[in-house]
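Inspection log for the structure reproduced underneath, given as structure tokens.
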Amino acid sequence: MPPQPQIMVDLQMEQYMPDPDLETIAKLISHDPGLSGALLKIVNSPYYGLRNKITSIQRAVNLLGSRSIINLINAQSIKGELHDDAIVTLNRFWDTAQDVAMTCLTLAKRVGLENGDEAYALGLFHDCGVPLMLKQFPNYMGVLEEAYANASA
């Protein structure tokens, strides 16, 4: 899943600071489904051999450390280059993913769930198939919009 370009720029600026702030990096990563997914996939891989599954972006960033996180950011920036049309199309996806993630986190806190990170991740990844379908089928957004229009009619 392609990372959001502005978040990549902000992450790259942070990584070039004399002392990159892991809290800032974690906050930026947590706003992007692609980066969050890549990070959680890496930290929960057999390579690290952790006993408990990590669902917190902040905890994952702290466990991996700045060098590994910077390598992840650089790898994702190379992999995620998009043309302008795709960026415009995906802006709504990225904004909605962040809004739904924050809503899930807020609801989790209100109902007393101890681990809000899982609720946040659920909201962030809820529509992660959209960019993948768009990559495979260029007219996917039109089909999706038509389906929503017909469902509400």
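What is the distance, in nm, between label points placed 7 Å from the Cα along the Cα-to-Cβ direction at Asn44 and at Tyr16?
Rounded to a tenth, the inter-label distance reads 3.4 nm.
Let me check something: with ligands and nucleic acids excluded, how do Ser68, Ser36 order by accessible area (1.4 Å probe), largest to smallest?
These residues rank, largest area first, as Ser68, Ser36.
Just to verify a number: FRET efficiency for Arg59 and Arg92, C-beta to C-beta distance, R0 = 25 Å, to 0.05?
Given R0 = 25 Å and the Cβ-Cβ separation, E is 0.25.
If I ignore ligands, DNA and RNA and count only protein heavy atoms, how much of Ile54 is accessible to a 1.4 Å probe, in Å² to the nearest 10?
My reading of the accessible area for Ile54 is about 10 Å².
Just to verify a number: FRET efficiency for Ala147 and Asp99, C-beta to C-beta distance, R0 = 35 Å, to 0.05?
Numbers: r = 21 Å, r/R0 = 0.60.
Plugging the Cβ-Cβ distance into 1/(1 + (r/R0)^6) gives 0.95.
Once you order the gyration tensor axes a ≥ b ≥ c over the Cα atoms, which shape class does segment 106-153 get: rounded for a/c under 1.5, otherwise prolate or oblate by comparing a/b with b/c? Could the numbers behind the result be given before it?
Values: a/c = 7.01, a/b = 1.99, b/c = 3.52.
Note, shape of segment 106-153 comes out oblate.
Using the Cα centre of the chain as origin and beta-carbon charges of +1 (Lys, Arg) and -1 (Asp, Glu), tell me which of Met13, Ala26, Val100 is placed farthest towards the positive end of the dipole.
Ala26
Taking only Cα atoms and a 10 Å spring cutoff, compute GNM fluctuations for the chain and point out the largest among Asn71, Asn115, Asn52.
It is Asn52.
Rounded to the nearest 20 debye, what is the charge dipole size of segment 101-153 about its Cα centre when +1 sits on each Lys and Arg Cβ and -1 on each Asp and Glu Cβ?
60 debye
Show which aspartates and glutamates lie in cross-link reach of Lys135 when reach means a straight Cα distance below 15 angstrom and same-chain residues fewer than eight apart are skipped.
Glu81, Asp84, Asp85, Asp127
Place the peptides 16-24, 117-125 in order of packing, highest mean first, counting for every residue the other Cβ atoms within 10 Å and averaging per peptide.
Per-residue Cβ counts within 10 Å, averaged per peptide and sorted highest first, yield 117-125, 16-24.
Starting from the Kirkwood radius over alpha-carbon pairs of the chain, derive D by Stokes-Einstein at 4 °C in a medium of 1.567 mPa s and give it in µm² s⁻¹.
Answer, rounded: 78 µm²/s.
Charges at C-beta only: +1 for Lys and Arg, -1 for Asp and Glu. How large is the resulting dipole of the chain about its Cα centre, in Debye rounded to 20?
Roughly 620 debye, rounded to the nearest 20.
Nearest 10 degrees, 0 to 90: what angle lies between the long axis of helix 84-110 and the longest principal axis of the chain (Cα atoms)?
70 degrees
Would you list which aspartates and glutamates come within 19 Å of Lys53, measuring only between C-alpha atoms, while excluding same-chain residues fewer than 8 positions from it?
Cα-Cα hits under 19 Å: Glu114, Asp117, Glu118.
The values are calculated or read from the model by the stated rules, or taken from the named source; none is laboratory data. Just so we're clear, the structure is a prediction, and the values are computed from it rather than from any experiment. Counting neighbours? That spans all protein chains shown, and the Cβs are built from the backbone with ideal geometry, glycine included. Calculation scope for accessible area: heavy atoms of the full protein, side chains included, ligands and nucleic acids excluded. Shrake-Rupley method; radii C 1.70, N 1.55, O 1.52, S 1.80 Å.
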